[in-house]
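Step one of this worksheet: look at the structure below.
The values are calculated or read from the model by the stated rules, or taken from the named source; none is laboratory data. Given the structure is predicted, the values throughout are model-derived calculations rather than measurements. As a convention, Cβ positions derive from the backbone with ideal geometry for all residues, glycine included, and neighbour counts pool all protein chains shown. Calculation scope for accessible area: heavy atoms of the full protein, side chains included, ligands and nucleic acids excluded. Shrake-Rupley method; radii C 1.70, N 1.55, O 1.52, S 1.80 Å.
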Amino acid sequence: MRPIRIALTKGRLETRSVKLFEAIGFNCAQLNNKGRRLILPMDEYEVVLAKAPDVLTYVGHGACDVGIVGKDTILEAGGGASPARDVYEMLDLGFGKCRFALAGPAGADFTQGYHERIVATKYPNVARRFFEQKGMDVKIIRIDGSVELAPLLGLAHAIVDIVETGSTLRENGLAVYEDIMPISARVIVNRAGMKLRREEIERLLKDMELAVQVN
Ligand code: PRP
């Protein structure tokens, strides 16, 4: 049988995840010297490095058994025929903490007036649900990165985005209008894998849970 595969979100969450594995006592030498390799051995496990939405896809389809991904990615992918339906969310790792927020030019009133409101976001599903709940009719434009640019360039009145320290907003003359929801890193598990390799996966989850508690 192949090793249990753990899909890890590259970038911000990666560093914290490797720290967590080190705290458990796993040998992370390969992960710390990965070069351009994307699949790395870690004790009896295999660690796969992928972009956040792909972590969900690999775990959802069972190509990886366990994944570490932000709640933002899970929320954005949720519903429909998404691979998010084929995973269990098992554990809140408590790091990668940030929040979804509605933001825009400081001092402007997003709700004022009768004109059409345009919102730019990397998370159109999250934004759509948020405005639906508020009963607000808003046009949503998808942007792939540095969403803060959209209101600065006059493309949108506001953005729905992740805010961590708030520096990006502040340094660009933008401010939070409303917090939407908190976000952090989560451990997800493939539903079928959880049945087929329950013992191994539960042991790994237990290790992660203990390491989270003491760190
Ligand atoms: C995220 C988010 C904000 C920034 C917020 O972008 O989209 O731009 O971080 O962080 P702050 O509140 O600490 O300033 P990220 O760096 O992930 O890259 P992206 O813009 O390409 O999405």
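Points to keep in mind about this one:
- Test result for residue 23, within 25 Å of residue 72 (Cβ to Cβ), at pLDDT 95 or above and not charged (D, E, K, R): yes
- The set of residues in the range 67-95 being among the small types (Gly, Ala, Ser) and either in a helix (DSSP H, G or I) or over 15 Å from residue 7 (Cβ atoms) (or both) consists of 77, 78, 79, 80, 81, 82, 84, 94.
- When residue 144 is tested against the conditions (1) within 16 Å of the ligand (Cβ to nearest atom); (2) open to solvent by 20 Å² or more (accessible area, probe 1.4 Å); (3) within 30 Å of residue 213 (Cβ to Cβ), the lone failure is (3).
- Boolean, residue 211 is within 23 Å of residue 88 (Cα to Cα) and either touching a Ser or Thr at 6+ places or on another chain (Cβ under 9 Å) or within 13 Å of the ligand (Cβ to nearest atom) (or both): no
- Extreme residue, farthest from the ligand (Cβ to nearest atom), among residues of the range 147-162 that are in a loop (DSSP other than H, G, I, E, B) and surrounded by 20 or more Cβ atoms within 10 Å (Cβ to Cβ): 157
- In the range 197-205 there is at least one residue matching the filter, namely being away from the ligand (no atom under 16 Å from the Cβ), open to solvent by less than 10 Å² (accessible area, probe 1.4 Å), of a type outside the set (D, E, K, R) and at pLDDT 95 or above.
- Filtered by the rule that a residue be open to solvent by 60 Å² or more (accessible area, probe 1.4 Å), outside any strand (DSSP E or B) and more than 28 Å from residue 91 (Cβ to Cβ), the range 163-187 gives 168, 170, 171, 172.
- Screening the candidates 129, 99 for the property of being open to solvent by 70 Å² or more (accessible area, probe 1.4 Å) and either within 12 Å of the ligand (Cβ to nearest atom) or of a type in the set (Val, Ile, Thr) (or both) yields one hit, 99.
- Of all residues making up the range 17-45, the number that are surrounded by fewer than 17 Cβ atoms within 10 Å (Cβ to Cβ) and assigned to a strand (DSSP E or B): 2
- Checked against the criterion of being surrounded by fewer than 16 Cβ atoms within 10 Å (Cβ to Cβ), within 16 Å of the ligand (Cβ to nearest atom), of a type in the set (D, E, K, R) and modelled with pLDDT under 95, the candidates 85, 12 yield just one match: 12.
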